[in-house]
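Peer 1: My questions all concern the structure below.
The values are calculated or read from the model by the stated rules, or taken from the named source; none is laboratory data. Because the structure is predicted, anything quoted here is derived from the model rather than measured. Here Cβ is always computed from backbone atoms with ideal geometry, including for glycine, and neighbour counts include all displayed protein chains. Surface areas here come from the heavy atoms of the whole protein model, side chains and all, with no ligands, DNA or RNA. Shrake-Rupley method; radii C 1.70, N 1.55, O 1.52, S 1.80 Å.
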Amino acid sequence: MATEFAPAKVNLALHVTGQRADGYHLLDSLVVFADAGDRITADPAETLTLRITGPRAAALPASDDNLVLRAARAIGVAATITLEKHLPVASGIGGGSSDAAATLRALSRLSGKPLP
């Protein structure tokens, strides 16, 4: 089992500097990370699955485009992943991105594969 903390971020400065061809924005930002956040737990498994628990779980479906699942597919590790959701969804504090990064770290530790 591998567990990783996924902290919230607070933007101290944020400037949109452009837009990429895929629609995402180019940003310059200065951030700090908070002590509040979500938690990712990964256990070895034959197939990739995601379970969402915690006080904010109802607001986030475990759909195929979930950033946790997208991160897991990027590193190519099958696991049972539990996302303990404490941060509000779509609140601008980086919960989804932080969850994805924590997933990559957890699956790298679990499998020994390097980060993509």
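Peer 1: Looking at this structure, is ALA58 small (Gly, Ala, Ser) and touching an Asp or Glu at 6+ places or on another chain (Cβ under 9 Å)? Write out each step before concluding.
Peer 2: Numbers: small (Gly, Ala, Ser): yes; touching an Asp or Glu at 6+ places or on another chain (Cβ under 9 Å): no.
No: the conditions fail for ALA58.
Peer 1: Failed condition for TYR24, given (1) in contact with an Asp or Glu (Cβ under 6 Å, 6 or more places away or on another chain); (2) modelled with pLDDT under 95, with all others met?
Peer 2: Here TYR24 meets the rest and fails (1).
One line per residue, one yes/no per condition, for (1) within 10 Å of the chain's Cα centre (by Cα); (2) under 20 Å from PRO44 (Cα atoms):
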position	(1), (2)
LEU60	no, no
ASN66	yes, yes
LYS85	no, no
GLY95	yes, no
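Peer 1: Checking the structure you have, find out if any residue of the range 25-37 is farther than 20 Å from ALA78 by Cα, outside any strand (DSSP E or B) and either touching a strand residue (DSSP E or B) at 6+ places or on another chain (Cβ under 6 Å) or hydrophobic (A, V, I, L, M, F, W, C) (or both).
Peer 2: So far as the range 25-37 goes, no, none of its residues is farther than 20 Å from ALA78 by Cα, outside any strand (DSSP E or B) and either touching a strand residue (DSSP E or B) at 6+ places or on another chain (Cβ under 6 Å) or hydrophobic (A, V, I, L, M, F, W, C) (or both).
Peer 1: On the basis of being free of Cβ contacts under 8 Å to residues at least 12 places away in the same chain and either assigned to a helix (DSSP H, G or I) or not charged (D, E, K, R) (or both), does VAL16 make the cut?
Peer 2: Here the answer is yes, as VAL16 does meet what is asked.
Peer 1: State the number of residues belonging to the range 45-60 that are in a strand (DSSP E or B) and either of a type in the set (A, V, I, L, M) or modelled with pLDDT under 95 (or both).
Peer 2: The total comes to 2.
Peer 1: Out of SER63, SER108, SER91, I need the residue that is without any contact (Cβ under 8 Å) to a residue 60 or more places away in the chain, in a helix (DSSP H, G or I), open to solvent by 20 Å² or more (accessible area, probe 1.4 Å) and among the polar types (S, T, N, Q). Which one?
Peer 2: Every option except SER108 fails the conditions.
Peer 1: Could you tell me whether THR49 is over 18 Å from GLY92 (Cβ atoms) and touching a residue at least 40 places away in the same chain (Cβ under 8 Å)? Write out each step before concluding.
Peer 2: Details: over 18 Å from GLY92 (Cβ atoms): yes; touching a residue at least 40 places away in the same chain (Cβ under 8 Å): no.
Criteria not met by THR49.
Peer 1: I would also like to ask the following. Restricting attention to the range 71-88, which residues are crowded, with 16+ Cβ neighbours inside 10 Å and of a type in the set (Lys, Arg)?
Peer 2: The one that is crowded, with 16+ Cβ neighbours inside 10 Å and of a type in the set (Lys, Arg): LYS85.
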